[in-house]
1. List every residue pair whose Cβ atoms lie under 8 Å apart, where the two residues are 6 or more positions apart in sequence or sit on different chains, the first residue falls within region 77-105 and is under 18 Å from residue 144 (Cβ atoms) and within 8 Å of the ligand (Cβ to nearest atom), and the second residue, located anywhere, is at pLDDT 95 or above and among the hydroxyl-bearing types (Ser, Thr, Tyr).
2. Let me confirm something: among 163, 151, 159, which residue is at pLDDT 95 or above, over 23 Å from residue 67 (Cβ atoms) and not acidic (Asp, Glu)?
3. State whether one or more residues within region 117-128 are within 16 Å of the ligand (Cβ to nearest atom) and either under 22 Å from residue 150 (Cβ atoms) or crowded, with 21+ Cβ neighbours inside 10 Å (or both).
4. Looking at region 38-59 only, could you name the residues that are in contact (Cβ under 8 Å) with a residue 60 or more places away in the chain and either closer than 23 Å to residue 136 by Cβ or in contact with a His (Cβ under 7 Å, 6 or more places away or on another chain) (or both)?
5. Which condition number does residue 137 fail, the rest of (1) at pLDDT below 95; (2) surrounded by fewer than 15 Cβ atoms within 10 Å (Cβ to Cβ); (3) away from the ligand (no atom under 16 Å from the Cβ) being met?
Amino acid sequence: MDIVSATENSHLESTNTATVTVTAASSTSPAPSRYESQKRRDWNTFGQYLRNHRPPLTLARCSGAHVLEFLRYLDQFGKTKVHTQMCPFFGHPNPPHPCPCPLRQAWGSLDALIGRLRAAFEENGGKQEANPFAARVVRLYLREVRDLQAKARGISYEKKKRKRPPQALPMASQVQVTNDPPAL
Ligand SMILES: [Zn+2]
């Protein structure tokens, strides 16, 4: 992967300093909502990701494939246990013992994150038809992650999704939670 500087990008909350700058610059909303500040933080995180990208990558040249690369990069900071098919707890929502399966970003977190970045892209002057976060390949990837995690964790996201938009799911805020106990 073309990622550098683990220190700068240690996790999503490392962009707090940049957020302050952006907030001060936009005087239209003196008290941004939780969603708005999260969106700004996500946008800064993505901007930082682009700046650290090798070979260099500009927003204008960013495609859906780059967005997928970003989402996979975020998985290393994930807190959600996703069992492999080999694991005896595959499909168990509450396994009784720890297992060596990998931790990933929860589907709900990624889905909400993409929603915020899609909005931020257009708010920052990006053209709707060129929005990499709205790319078909990103939608398909998210659907794949949802199905895989639903099976691996024995959880159905389908019902929840019909009731309310992804942003309203309780797990939507997981991306920024860093001191969660691992979901074992
Ligand atoms: Zn497992």
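1. 90/84; 101/84
2. Just a single option satisfies the conditions, and that option is 151.
3. Let us first name the residues in region 117-128 that are within 16 Å of the ligand (Cβ to nearest atom), namely none.
No, because not a single residue in region 117-128 is within 16 Å of the ligand (Cβ to nearest atom) and either under 22 Å from residue 150 (Cβ atoms) or crowded, with 21+ Cβ neighbours inside 10 Å (or both).
4. Applying the first criterion (in contact (Cβ under 8 Å) with a residue 60 or more places away in the chain) to region 38-59 yields 38-43, 46, 59.
Across region 38-59, the qualifying residues are 39, 42, 43, 46, 59.
5. (1)
The values are calculated or read from the model by the stated rules, or taken from the named source; none is laboratory data. Remember, predicted model here, so these are calculated numbers, not experimental data. Every residue, glycine as well, gets a Cβ built from its backbone with ideal geometry; the counts of neighbours run over all protein chains shown.
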